[in-house]
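Some notes on the structure that comes next.
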Amino acid sequence: MINVTIWNEGRHEKESESVAAVYPKGIHNCIADFLGTDEELNVRTAVLDDPDNGLPDDVLNSTDVLLWWGHMAHECVPDELVEKVYNRVMCGMGFIALHSAHFSKPFKRLMGTTCSLKWRDGDRERLWCINPSHPIAKGVPESFDIPVEEMYGERFDIPAPDETVFIGWFKGGEVFRSGNCWYRGLGKVFYFQPGHEENPTYYIPEVQKIIHNAVYWAAPEKIVGEIECPWVEAPEKHYDGPNK
Ligand code: ZN
């Protein structure tokens, strides 16, 4: 059994009728609906406006894979929570950053770069699987089209991924590293670009397949307990630089 927590900022759905029309129960519940059909997954949801921003210690500390969707309220996520998420990843928790979560605090903390990119409004995207033997590509076709998706283009300021599984091509000619994997501490991180809030992207079967696969890929073999985890103490304690 894999404990999956789907965290969503949840503000667009509250503030925009057009977004609420696409995701009446919120993006988090749309994702929970398709992941929840797998009996091996224990799926929970959380939103920014829940108590403790949806991630009190008991929830975070019992999460094997955390999915994160955010856009307009990245700054409302407390730094203290970001450090807890970061430390949990160091100890083995999987982290899946979706779409505009490229600018979320936990993703930027895990990457250590600006994570900036080029963007413009809706365009047709063709998603190419360039690493068909990767676990996240299992059952995914060589390519498929997303009729309307926000264009994200290079340069995407991320550290060179350990693995790139998908490249997005847009009708306007841009390309983007749309599905990327990194190893951080004992944890695994996946970034997946499609999923703009105004588009019904999370209803597309291939997109659902990729996210489902990513949960299994990111799930840890085991999460090291806090006391045993060598990275859980303040990282600066391990730095012995020349200026001390
Ligand atoms: Zn977007």
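The values are calculated or read from the model by the stated rules, or taken from the named source; none is laboratory data. Predicted, not measured: the structure shown is a model, and the values here were computed from it. Using ideal geometry, Cβ is built from the backbone for each residue, glycine included, and neighbour counts are taken over all protein chains shown.
Return the total of residues in segment 91-103 being within 11 Å of the ligand (Cβ to nearest atom), of a type in the set (Gly, Ala, Ser) and touching a strand residue (DSSP E or B) at 6+ places or on another chain (Cβ under 6 Å). Even if it seems obvious, please write down each step before you answer.
Pass one, segment 91-103, residues within 11 Å of the ligand (Cβ to nearest atom): 98-103.
The next check asks that each one be of a type in the set (Gly, Ala, Ser); those that pass are 100-101.
Going one step further and asking which of them are touching a strand residue (DSSP E or B) at 6+ places or on another chain (Cβ under 6 Å), we end up with 101.
Within segment 91-103, residues that are within 11 Å of the ligand (Cβ to nearest atom), of a type in the set (Gly, Ala, Ser) and touching a strand residue (DSSP E or B) at 6+ places or on another chain (Cβ under 6 Å) number 1.
Being crowded, with 20+ Cβ neighbours inside 10 Å and under 24 Å from residue 11 (Cβ atoms) is the requirement here; does residue 95 meet it?
Working: crowded, with 20+ Cβ neighbours inside 10 Å: yes; under 24 Å from residue 11 (Cβ atoms): yes.
When the stated conditions are applied, residue 95 passes them.
Could you please find all residues in segment 87-126 being in a helix (DSSP H, G or I) and at pLDDT 95 or above? The answer is 99, 100, 101, 102, 103, 105, 106, 107, 108, 109, 110, 111.
Residues of segment 9-31 that are of a type outside the set (Lys, Arg) and assigned to a loop (DSSP other than H, G, I, E, B): 9, 10, 16, 23, 24, 26.
Test residue 116 against the stated conditions and say whether it is within 23 Å of residue 197 (Cβ to Cβ), out of contact with any helix residue (DSSP H, G or I) (no Cβ under 7 Å at 6 or more places or on another chain) and small (Gly, Ala, Ser).
Values: within 23 Å of residue 197 (Cβ to Cβ): yes; out of contact with any helix residue (DSSP H, G or I) (no Cβ under 7 Å at 6 or more places or on another chain): yes; small (Gly, Ala, Ser): yes.
In short, yes.
Could you look through segment 167-201, keep only residues that are surrounded by fewer than 22 Cβ atoms within 10 Å (Cβ to Cβ) and acidic (Asp, Glu), and pick out the one that is nearest to the ligand (Cβ to nearest atom)? That would be 198. Residue selection: residue 136 satisfies the criterion of being crowded, with 16+ Cβ neighbours inside 10 Å, outside any strand (DSSP E or B) and within 16 Å of the chain's Cα centre (by Cα). Listed by first and then second residue, the pairs linking a residue in segment 13-41 that is touching a residue at least 12 places away in the same chain (Cβ under 8 Å) to a residue that is of a type in the set (S, T, N, Q), with Cβ atoms under 6 Å apart and 6 or more places separating them unless they lie on different chains, are 26/8; 27/8; 28/8; 28/45; 32/45; 34/208. The one condition from (1) at pLDDT 95 or above; (2) touching a helix residue (DSSP H, G or I) at 6+ places or on another chain (Cβ under 8 Å); (3) surrounded by fewer than 20 Cβ atoms within 10 Å (Cβ to Cβ) that residue 215 does not meet is (3).
Residues in segment 68-90 that are hydrophobic (A, V, I, L, M, F, W, C) and within 16 Å of the ligand (Cβ to nearest atom) were compared, and the one that is surrounded by the most Cβ atoms within 10 Å (Cβ to Cβ) is 69. Taking segment 139-166 as the range and being under 18 Å from the mean Cα position of the chain (by Cα), assigned to a strand (DSSP E or B) and away from the ligand (no atom under 16 Å from the Cβ) as the test, the residues that pass are 163, 164, 165, 166. Filtering segment 104-121 to residues that are within 13 Å of the ligand (Cβ to nearest atom) and crowded, with 16+ Cβ neighbours inside 10 Å leaves 104, 117.
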